[in-house]
Amino acid sequence: MSRKNQSGPRSTVVLIGLMGSGKTSIGRRLAARLGIQFIDADTEIEAAAGSSIHDIFELHGEQAFRDGERRVIARLLDGPVHVLATGGGAFMTDETRARISQSAVSVWLRASLDTLVKRVERSRTRRPLLEAGDPREILSSLVEERYPVYEEADVIVETGEGPHEPVVESIVQELRAFWQASGDDGDGEERAAQEVAAASDQETE
């Protein structure tokens, strides 16, 4: 049974987007705002594998990583409700995308190519996909490949070079609108909208 028809912040919110879109930092702030746990899928994958993402790619290849990613995300979606930051390729997997659609609300953090390049250049995180060539060219190719699929997300929010707080505010408002629009499916989303609205009001007091 889909949990999307149950009450709001008690439905997992899944953040999708390319590397550098801010899923982890924005996700932590969003989880605190909604009063639910934050989980980073890559961290969970590393814990399950007992190895870093970089080492998984290097020793076993991307397909092995994607298989593990799919299993870990499926497990997390079956667990307690939270804000989940996923890797850039997770939403490209048909099975994972279907699971997210059934049991969670997906939020795409859409960023321009320039923003992505600037952020990954500043980051200390090792990113296996960018080690094969010029980061801008690789990111540009990923934008062309993945953005049309990311368009399937329930909510789309722009993220740029500014502070994260306005992005979090936009997500909260978009979630509120999404749950209100889904109210015909039951009263869960209506309670969800009320809870998110209450969280927004508390933040501004």
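Set side by side, the residues A90, A98, A48, A41 differ, and just one is out of contact with any Pro (no Cβ under 6 Å at 6 or more places or on another chain), of a type in the set (A, V, I, L, M) and more than 29 Å from E144 (Cβ to Cβ), which is A48. Flag: S140 does not match the condition of being among the small types (G, A, S), in contact (Cβ under 8 Å) with a residue 40 or more places away in the chain and either closer than 15 Å to M19 by Cβ or touching an Asp or Glu at 6+ places or on another chain (Cβ under 9 Å) (or both).
Inspect segment 34-48 for any residue being in contact (Cβ under 8 Å) with a residue 60 or more places away in the chain and either touching an Asp or Glu at 6+ places or on another chain (Cβ under 9 Å) or assigned to a loop (DSSP other than H, G, I, E, B) (or both) and give the result as yes or no. Yes, segment 34-48 contains at least one residue that is in contact (Cβ under 8 Å) with a residue 60 or more places away in the chain and either touching an Asp or Glu at 6+ places or on another chain (Cβ under 9 Å) or assigned to a loop (DSSP other than H, G, I, E, B) (or both). Of all residues in segment 126-146, those satisfying the criterion of being surrounded by 15 or more Cβ atoms within 10 Å (Cβ to Cβ) and of a type outside the set (D, E, K, R) are P128, L129, L130, P135, I138, L139, L142, V143. Among the residues of segment 124-136, those identified as under 26 Å from P163 (Cα atoms) and over 18 Å from the mean Cα position of the chain (by Cα) are R124, R126, L130, P135, R136. Once segment 147-170 is narrowed to residues that are farther than 20 Å from S25 by Cβ and charged (D, E, K, R), the residue that is surrounded by the fewest Cβ atoms within 10 Å (Cβ to Cβ) is E151.
Every listed requirement among (1) among the basic types (K, R); (2) without any contact (Cβ under 8 Å) to a residue 40 or more places away in the chain; (3) surrounded by 12 or more Cβ atoms within 10 Å (Cβ to Cβ) is met by R122 save one, (3). Is it the case that some residue within segment 49-69 is outside any strand (DSSP E or B), touching a Ser or Thr at 6+ places or on another chain (Cβ under 7 Å), crowded, with 20+ Cβ neighbours inside 10 Å and not aromatic (F, W, Y)? Taking every residue of segment 49-69 in turn, none turns out to be outside any strand (DSSP E or B), touching a Ser or Thr at 6+ places or on another chain (Cβ under 7 Å), crowded, with 20+ Cβ neighbours inside 10 Å and not aromatic (F, W, Y).
Laboratory data are not the source of any read-out in this text; all were calculated from the coordinates shown. Small disclaimer: the values here were computed from a predicted structure and weren't measured. All Cβ positions, glycine included, derive from the backbone under ideal geometry; neighbour counts span all protein chains shown.
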